[in-house]
Each structure stands twice: as structure tokens, then as C-alpha cells.
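Written below as C-alpha cells is the structure these notes are about.
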Amino acid sequence: MPINRSSIFLEVIEGLSKSIHIGEGNAEAMANEILYSASHFLKINRVNAWLIDDDFSKLSCLSAYERDKDSFSYVGFLNKEDYPVYFNHISRTDIIISTRAQEEAFNSELVDNYLIPNKIFSMMEVPILSGGKFKGIVCFENTDEIRVWTNDEQHFALALTQLLILTLETKEKNLYRDELEKLVKEKSVLIAEINHRVKNNLAVITALIRNESFRVKDDYHKELFNNILLKTFSLSTLQHSMYNSQNYQEANFSEFIRTLVANLNDTYGHNLTIQLELELDEINIDVDKAVPCSLIVNEILTNCYKYAFSEDHVNKLSIGLHKNESENCELMIQDNGPGLPENYATNGTGYDLMEGLTDQIDGKLIVHSTVEGTIIKLIF
């Protein structure tokens, strides 16, 4: 019964495709396996693999195998300036068959110093292509006699080269992944350092403001310092929230509001009875909007605690955060205080600051105030 070479070739390819070197991206070890198999199953003496450099000026030998010596070697490199005709020919994207290799015009530069000394009569050269670009070539060389390469042999050579291509691509991906992991690690270290410095700077600023506030003798200026401290705390809370979430492009706004309310309760909530109602959807907002929004919310809530709440009745504070039908964020803060004075926009309630910050985020600030309480909406 005649031997079915196609079946043998297929079994060889299947076996090589399971090599661990492919997944590891170990191109040299995989090339050795491929060249060894090619030499023995095609019954040729010489097989070698070459890789081109980025500027297409040099071919470097990845590995070369000689069956009669059963040895691997690395025969060096070929410079384009020494073999311009050959380099121009191998840049083609299809297989090159040289049945009479020493007579082919494109091999003329190789005859005297390579083909004749190594007794090479026939060659089959398969390009290594990745991403549509020429990356190198695998040369199957028959010595001592002329050989006509069959279709099965050509398909076998193509399949072997494809396995090497897969390994080279895996190697490139692994190198890219390692570089990304390195960059991510460096970025994490840098962000941690920046966070540490920002945190320390805010702490220093807070300490300086607090120390200066102790020197103030009148209540008016004490209150001014206290307002600055609250704004600084607001920024510090926002920065801390973003760092803990590891999301440096967005801020969890609902988490920020909860933390701010807790701090205001500690600052102003003594001797106050407050019914707090929070309906906050988990919404992240861009960092560019987060800082202005945090200062707006701080201003509104500070006014609630300072002017709307009193010790002689039950104070109510409702805060809602959601996205409306237009997918805009809508924040509503409502209290049951005595309402804002008629000249609230100019009497030191911080309304001018809130309006300026609202314009900065292309938002809309709506104020509705009666003797039964105040409702402020921020839409952005």
C-alpha cells in the first residue's frame, strides 16, 4: 500500500501546532522544531529561517538546520547592499520556487558564495508575512540534485511557515503586553505619588487655614475661614474618592454627596434634629465637571445648615440625584427652612459663585424658595 504523504504532512502539522513554544512566543525554539521536521519529512538536507530588520536592510538568521550533520547553526546575516537583486525578489508575498536555483537570475548574487559551496540545486522559499508585511523568509534547500517541488510539499512548507508566523506574532504580543504591564505599573506608581502629594498639600493648606482661623477675634471672619475650610474639604473628598475608585477620569458623585453631608453634620449638626432623605443614583461624572459640581453642592448644603436649619423644630433635608429623560444629570436639594431672602443673589449666600460654576459646566441652576422651604435644582 503506497504511503500517503499528505496524511503524514498533516499529522506533522497537527503535532507541531500543539507545541508549547507557540503559546510562549519562543520563536527560536519553534523554528528549530519546524526546521527539523521539514528536513526529515521533506527529505532535504538544509532548511533555514531568516528575519528582516525594520528598515529592510538586513536578513538575520533565526536558525539553520543541516540534516546530514544533525545540527543547528546561526549563519549570520545578509545585507541588502550586498544582495540587492535577491532582496528585491524575496519581498514578494507569494512562495518562490527555484527548481534550478543556480540558473535563476534573482539568485545570481548567491551562486558563487552560497549555492555552489553548499551544493544547493533547488530551493523553495516561503515568505514570513504578518499584518500584510514581509517579516522574513523560510528557505527549503535541496542539495546534490535538482528537485521538482510537488503541490503537497509546497502546501506543507506553507503550513510550517504559518506556525512560525503564529509564534512570532505571539512573541510580539507578549512583548507588547509586558510593555503595557510595565507602563501600567509605572502609571500606578506615578498616580499614587501624585495622590500622596495632593493629599499632603491639601492637608497643609487645611492646617494653615485652621491655624489662622484661631487668631481671628470676630465671628464674621471666623465664619469666612470656616467656609474656606469646607470648600477645601470638599475638594479633598472628591480627590480621595477618585483615587480609591481607581477611576481617574470620573468621580462617583453620589458617594461624594454622602461624605459631604456626613462632614457637614459633624460641623454644623450639633443640637439639630435633622431628617435626612437621600435618593441618589450611582452616577459618575467627568472629572472636568466634578470639581465645579462639588463646590456648588458644598455651597448649597452649607447654606442649608447655616441658614435653613434651627434648633427649635425638626429640620428636613432631601437630596436627589438621577438622570432625566434627556440623559442629563439632575440634582435636587430641598429643605424646610424659612426660605431665602429676596436679595439672596447678592447678600452673601454664595449664589454668584454657584452661577459662575454652573456656567462653567454648561449647566442650569433653578432656585425656588418660599416661606416653607427652598428647592434648588442643578441640571448638567
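Key figures for this structure:
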{"read-out": "The range 145-163, residues that are farther than 26 Å from residue 15 by Cα, surrounded by fewer than 16 Cβ atoms within 10 Å (Cβ to Cβ) and either touching a residue at least 40 places away in the same chain (Cβ under 8 Å) or among the β-branched types (Val, Ile, Thr) (or both)", "value": "146, 148"}
{"read-out": "Top-ranked residue of the range 253-284 - restricted to ones that are in contact (Cβ under 8 Å) with a residue 12 or more places away in the chain, over 14 Å from residue 330 (Cβ atoms) and hydrophobic (A, V, I, L, M, F, W, C), ranked as surrounded by the most Cβ atoms within 10 Å (Cβ to Cβ)", "value": "256"}
{"read-out": "Residue among 245, 241, 213 that alone is modelled with pLDDT under 75, loosely packed, with under 15 Cβ neighbours inside 10 Å and small (Gly, Ala, Ser)", "value": "245"}
{"read-out": "Check on residue 160, in the same structural domain as residue 10 (by TED's automatic domain parsing), at pLDDT 90 or above and in a helix (DSSP H, G or I)", "value": "yes"}
{"read-out": "Close pairs from the range 290-318: first of a type in the set (D, E, K, R), partner surrounded by fewer than 21 Cβ atoms within 10 Å (Cβ to Cβ) and part of a loop (DSSP other than H, G, I, E, B), Cβ under 6 Å, at least 6 apart", "value": "299/350; 311/271; 316/336"}
{"read-out": "Long-range neighbours under 8 Å by Cβ, at least six apart or interchain, first residue of a type in the set (A, V, I, L, M) within the range 69-91, second assigned to a loop (DSSP other than H, G, I, E, B) and surrounded by 11 or more Cβ atoms within 10 Å (Cβ to Cβ)", "value": "85/108; 85/109"}
{"read-out": "Residue among 51, 35 that alone is under 24 Å from residue 143 (Cα atoms), assigned by TED's automatic domain parsing to the domain that holds residue 87 and outside any helix (DSSP H, G or I)", "value": "51"}
{"read-out": "Near pairs, Cβ below 6 angstrom, 6+ apart or cross-chain, from the range 167-190 (at pLDDT 85 or above) to any residue that is in a helix (DSSP H, G or I)", "value": "167/22; 167/27; 167/30; 168/27; 171/27"}
{"read-out": "From 287, 314, 297, residue being surrounded by fewer than 16 Cβ atoms within 10 Å (Cβ to Cβ) and either touching a Cys at 6+ places or on another chain (Cβ under 6 Å) or closer than 19 Å to residue 360 by Cα (or both)", "value": "287"}
{"read-out": "Where residue 139 falls short, out of the listed (1) under 24 Å from the mean Cα position of the chain (by Cα); (2) modelled with pLDDT of 85 or more", "value": "(1)"}
{"read-out": "Pair list, Cβ under 6 Å, 6 or more apart: the range 322-340 residue farther than 15 Å from residue 283 by Cα, other residue among the basic types (Lys, Arg)", "value": "336/316"}
{"read-out": "Any hit, the range 68-77, residues being buried (at least 17 other Cβ atoms within 10 Å of the Cβ) and in the same structural domain as residue 155 (by TED's automatic domain parsing)", "value": "no"}
{"read-out": "Search result, residues across the range 112-130 that are surrounded by fewer than 16 Cβ atoms within 10 Å (Cβ to Cβ), touching an Asp or Glu at 6+ places or on another chain (Cβ under 8 Å) and more than 23 Å from residue 56 (Cα to Cα)", "value": "118, 119"}
{"read-out": "Selection count, the range 78-100, where residues are among the small types (Gly, Ala, Ser) and either more than 23 Å from residue 131 (Cβ to Cβ) or not assigned by TED's automatic domain parsing to the domain that holds residue 115 (or both)", "value": "1"}
{"read-out": "Answer residue from the range 264-303, given it is of a type in the set (Ser, Thr, Tyr) and part of a helix (DSSP H, G or I) and is nearest to residue 314 (Cα to Cα) among those", "value": "268"}
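Condition check ((1) modelled with pLDDT of 90 or more; (2) part of a loop (DSSP other than H, G, I, E, B); (3) outside the structural domain of residue 288 (by TED's automatic domain parsing)) across all residues:
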{"site": "316", "(1), (2), (3)": "yes, no, no"}
{"site": "321", "(1), (2), (3)": "yes, no, no"}
{"site": "332", "(1), (2), (3)": "yes, no, no"}
{"site": "349", "(1), (2), (3)": "no, yes, no"}
{"site": "354", "(1), (2), (3)": "no, no, no"}
{"site": "359", "(1), (2), (3)": "yes, no, no"}
{"site": "369", "(1), (2), (3)": "no, no, no"}
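The values are calculated or read from the model by the stated rules, or taken from the named source; none is laboratory data. A quick note: this is a predicted structure, and the numbers were derived from the prediction, not measured. Glycine gets a Cβ as well: all are built from the backbone with ideal geometry, and neighbour counts include every protein chain shown.
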